[in-house]
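Report on one structure; see the data block that follows.
The values are calculated or read from the model by the stated rules, or taken from the named source; none is laboratory data. Keep in mind that this is a model prediction, so the values were computed, not measured. Counting neighbours? That spans all protein chains shown, and the Cβs are built from the backbone with ideal geometry, glycine included. Please note that ligands, DNA and RNA were not included when accessible areas were found on the heavy atoms of the full protein model with its side chains. Shrake-Rupley method; radii C 1.70, N 1.55, O 1.52, S 1.80 Å.
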Amino acid sequence: MGADRDEDSTGKGRFNDARSRSGLLMVALVTGICLGVVFSERLYIRFQDQDSTVVQPANGVGSGAGASANRRKLGQMRKLGKPRSELEGILQRIAPDKEVMIGISNYNLVAGGELVSFLDALSKITIPNFLIVAIDTQLRDYLAEKGVNVWYKDIQIEQSQKGTGSNHAISALKFRILHDFLELGYSVLLSDIDIVWLDNPFKHLYRDHDVEGMTDGFDEATSYGHIDGVDDPSMGWARYAQATRHMNLNSGLFYLRSNDRTIALLDRIAVRLSKEKAWDQSVWNEEIFFLSHDDYVAPNVSVRVMNYLIFMNSKVLFKTVRHLPKSQQTRPISVHINYHPDKRERQIAVMRYYIDGDQHALDPFPGGSEPGT
């Protein structure tokens, strides 16, 4: 008893008790912090997944302030969580840099041969972030069997587009399909199937504008723009005026950055094509280039025109380039057979000319669609 009183009188017992309590408090504090971090992380992941969920309107086209907020969230890279759809799962696998090249087709283009030639040219270069959007199950199964990246989109031709011809009707679908990619935050290079690819296009893009598109122009003035004179003799002194003019952008080859402006552009075009029996290329250019006036507000997308000798159309090749001395010919990275109806034959000839080195492969073809042109 005396020894205990002596020890207590020195304060050693009280010190030991305090140290024990302090140790217990420290363990409790560290445990609490760890549990808090784990709980906070799980809560953050849960809210991130909730924030990135988009409510799609019945027509599949987003609009309004809520849609804009969702687009901004979707435009950021999702580093957490599982893919929310089959498409996003495919894109995460083949397009880690958040940009993808797509072609849209049905099985008819296999039977006609254009898709076969398209894929044949692609097989000779390396574009890992390439995807075919199949709009029928027959094409989906055909491409899956061949090991081609494919995503099936169950989509129907709009009533307004029926009777415009198969190619134009399918082409009009692209704006609704592209919407799915941009909403997920992926920038897209769209390619028609009647294009021969000779190099990876992603090495030749600037990516500094909302839209980067191929031109139907055939020289610098028609491709990039020029001042065109207008003469009206009835005006006397003021008979001469000026206009700005350039050829249209082709709606079969363009790169879209994923942002609110490009998604809104796709929405506007899709809505118009669902109501109007119009050519999608005309609507594409009207919406891009027509100026705001009165109650009409333009989409205000920024536009870059692709180099007409690099992303080449078939008029440039067959009317001009092939007749130049070989040393003066610019080698394109793509040739779009958009000016000629015999697409498969010219696709094959272009491949023989540029890939196989057959200098006479283009000789049998006229410059235009008729002999002697």
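General observations
- Selection count, region 360-372, where residues are at pLDDT 95 or above and either among the hydrophobic types (A, V, I, L, M, F, W, C) or surrounded by fewer than 11 Cβ atoms within 10 Å (Cβ to Cβ) (or both): 6
- Of all the residues in region 109-146, those that are in a helix (DSSP H, G or I) and either open to solvent by 10 Å² or more (accessible area, probe 1.4 Å) or farther than 18 Å from residue 190 by Cα (or both) number 17.
- Taking (1) modelled with pLDDT of 95 or more; (2) within 18 Å of residue 192 (Cβ to Cβ) in turn, residue 273 satisfies each apart from (1).
- Residue in region 209-223 that is open to solvent by 10 Å² or more (accessible area, probe 1.4 Å), β-branched (Val, Ile, Thr), in contact (Cβ under 8 Å) with a residue 24 or more places away in the chain and farther than 20 Å from residue 347 by Cβ present: yes
- For residue 192, the test of being surrounded by fewer than 22 Cβ atoms within 10 Å (Cβ to Cβ) and not hydroxyl-bearing (Ser, Thr, Tyr) is failed.
- Spans of strands (runs of 3 or more DSSP E) in region 215-309 with at least 2 residues under 20 Å from the mean Cα position of the chain (by Cα) and of a type in the set (Phe, Trp, Tyr): 249-256
- Among residues of region 352-368 that are without any contact (Cβ under 8 Å) to a residue 60 or more places away in the chain, those with a beta-carbon under 8 Å from a residue that is open to solvent by 50 Å² or more (accessible area, probe 1.4 Å) and β-branched (Val, Ile, Thr) at least six positions away or on a different chain give the pairs 366/373; 367/373.
- Positions within region 295-338 being farther than 19 Å from residue 211 by Cβ and in contact (Cβ under 8 Å) with a residue 40 or more places away in the chain, in sequence order: 315, 316, 317, 318, 319, 320, 322, 331, 332, 335, 337
- Within region 143-163, tally of residues that are within 27 Å of residue 333 (Cα to Cα), touching a helix residue (DSSP H, G or I) at 6+ places or on another chain (Cβ under 9 Å) and either at pLDDT below 95 or of a type outside the set (D, E, K, R) (or both): 5
- Residues within region 330-356 that are open to solvent by less than 50 Å² (accessible area, probe 1.4 Å), over 20 Å from residue 220 (Cβ atoms) and touching a helix residue (DSSP H, G or I) at 6+ places or on another chain (Cβ under 6 Å), tallied: 5
- Taken over region 178-206, the criterion of being outside any loop (DSSP other than H, G, I, E, B), of a type in the set (D, E, K, R) and more than 14 Å from residue 306 (Cβ to Cβ) is satisfied by 180, 183.
- Single match in 249, 189, 198 (criterion: at pLDDT 95 or above, touching a strand residue (DSSP E or B) at 6+ places or on another chain (Cβ under 8 Å) and under 21 Å from residue 91 (Cα atoms)): 189
- Given (1) open to solvent by less than 10 Å² (accessible area, probe 1.4 Å); (2) at pLDDT below 95, index of the condition residue 168 fails: (1)
- Entry remark, region 261-271: residues being farther than 21 Å from residue 225 by Cβ and open to solvent by less than 50 Å² (accessible area, probe 1.4 Å) number 7 in total.
- Residues that are open to solvent by 60 Å² or more (accessible area, probe 1.4 Å) and β-branched (Val, Ile, Thr) within region 272-329 comprise 297, 320, listed in sequence order.
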